[in-house]
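Trainee: Starting off with a structure, shown below.
The values are calculated or read from the model by the stated rules, or taken from the named source; none is laboratory data. Here the structure is a predicted model, which means the values were calculated and not measured. Remember, those area values only see protein heavy atoms, side chains included, never the ligands or the DNA or RNA. Shrake-Rupley method; radii C 1.70, N 1.55, O 1.52, S 1.80 Å.
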Amino acid sequence: MKHSREIIQLFLYPTFAAVSTAALIGIFFQLDAALSNDAQQAQWAKNHNSCVFKVMNAKIQSQPISIGSINIATAVRYCNGG
């Protein structure tokens, strides 16, 4: 009985501590990457919406594309680079 208790104290506790620490670090990096990706997508959407709004509300003479009527699909295509 005493022998098994020594094995647990000397080997299993530090092993479990190292595994749990590694798991927490892995979870942290996964969460950090996910939040960073969400922030980048939010910034892209904000810039894209601003571009569409500016193209839709531009005066006819200063519109960046040379077609008569600007609808939302045309503005989105222009802002996407097409």
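Trainee: Scan the range 14-39 for residues that are at pLDDT 90 or above and of a type in the set (S, T, N, Q) and jot them down.
Mentor: Answer for the range 14-39, where residues must be at pLDDT 90 or above and of a type in the set (S, T, N, Q): Thr15, Ser20, Thr21, Gln30.
Trainee: So, in the range 5-57, exactly how many residues are charged (D, E, K, R) and open to solvent by less than 100 Å² (accessible area, probe 1.4 Å)? Even if it seems obvious, please write down each step before you answer.
Mentor: Of all residues in the range 5-57, those charged (D, E, K, R) come to 5-6, 32, 38, 46, 54.
In the following step, the residues that additionally are open to solvent by less than 100 Å² (accessible area, probe 1.4 Å) were identified as 6, 32, 38.
Going through the range 5-57 one residue at a time, the tally reaches 3.
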